[in-house]
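Just so it is clear, none of the values below were taken in a lab; they were calculated from the coordinates. Because the structure is predicted, anything quoted here is derived from the model rather than measured. FYI the Cβ positions are ideal-geometry reconstructions off the backbone, even for glycines, and counts take in every protein chain you see.
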Amino acid sequence: MVRQFIDEESGKVVEQSVMNSITIDCVIFGFDKGSLEVLLIKHAHGIKKGEWGLPGGWIKEEEGIDTAAHRLLRELTGLDHVYLEQLKAFGEPDRFPLGRVITIGYYALIKREAYNVVAGFTASDVRWFKIDEIPSLIYDHNEIFDFSLKQLRNRVRQAPIGFKLLPEKFTLLQLMQLYEEILGIEMDKPNFRRKILKMKLLVDLKEKEQNVSHRAAKLYKFDNAVYKKLANSGFNFEF
């Protein structure tokens, strides 16, 4: 079995034989135009050349797993300084066809407009896919994605982590659409509006959308300081 790295001096992809069979795979969520999306790469080399998968790869022997996750994400997609959370290890004996390989899954929620994605390293393309339009992925990457989505759905019911996917200024409709996408349900607009405003977690910016073809809606931002105070008193974020 071989693994691929970029030689720091020449910048070329080099192959090394593998004794350490541990990899990293990252599920990166974004939100755009009312749709929850995931970032995928197309492989340029190896046995899965031309196929789509999650950003990831081999851990170098001298690396910690968190360092490897950030390096691989940066090399493959151009994303840097992303807060990654570890999911779990995926280690079915037959998940990799050439030998026993265990992968450690990570996931992140990012504001799409804050990053430019660029394919690099062993990726020939990098692209955002709507979560209901994900193609068949390499190895067990569909399973890893499904697990991360379940994790996201559980977390978003406990804490307002969904705000990490929104721009700093957003409308109530954008917020509702985000939670509909994550939870896979349709919400009642007046009821959602009443509940979220009652929580006192949003700051009314006294501004409205600009350059829109429809009636301009109010803009809000998330008040993290208020949330921390409420959380310390046993606040429940459940809609």
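Laid out as a table, the results:
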quantity	calculated
Virtual spin-label span in nm between Asp125 and Ala216, 7 Å along Cα→Cβ	3.9
Asp146, Asp94, Asp223, Asp25 arranged by Cβ crowding within 10 Å, fewest neighbours leading	Asp94, Asp146, Asp223, Asp25
Rough spin-label spacing in nm, given labels placed 7 Å along Cα→Cβ, for Ser35 and Asp146	2.2
Percent RCO, i.e. relative contact order, over segment 2-155, from Cα pairs under 8 Å lying at least 6 residues apart	29
Estimated 222 nm signal from helices in the chain, with DSSP H stretches of n ≥ 4 weighted -39500 (n - 2.57), rounded to 500	-8000 deg cm²/dmol
Over 32 Å between alpha carbons, listed pairs Lys88/Lys164; Lys88/Lys200; Lys111/Lys208; Lys33/Lys228	Lys88/Lys200
Order of Tyr220, Tyr115 - criterion: other Cβ atoms within 10 Å of each residue's Cβ, fewest first	Tyr115, Tyr220
Relative contact order (percent, whole number), segment 160-232, Cα cutoff 8 Å, 6+ residue spacing	32
Reachable aspartates and glutamates, given that their alpha-carbon falls under 17 Å from the alpha-carbon of Lys218 and they are not under 8 places away in the same chain	Glu168, Asp204, Glu207, Glu209
Correct option for Cα Rg over 2.2 N^0.38 Å [calculated from the coordinates] among (i) 0.99; (ii) 1.06; (iii) 1.13	(iii)
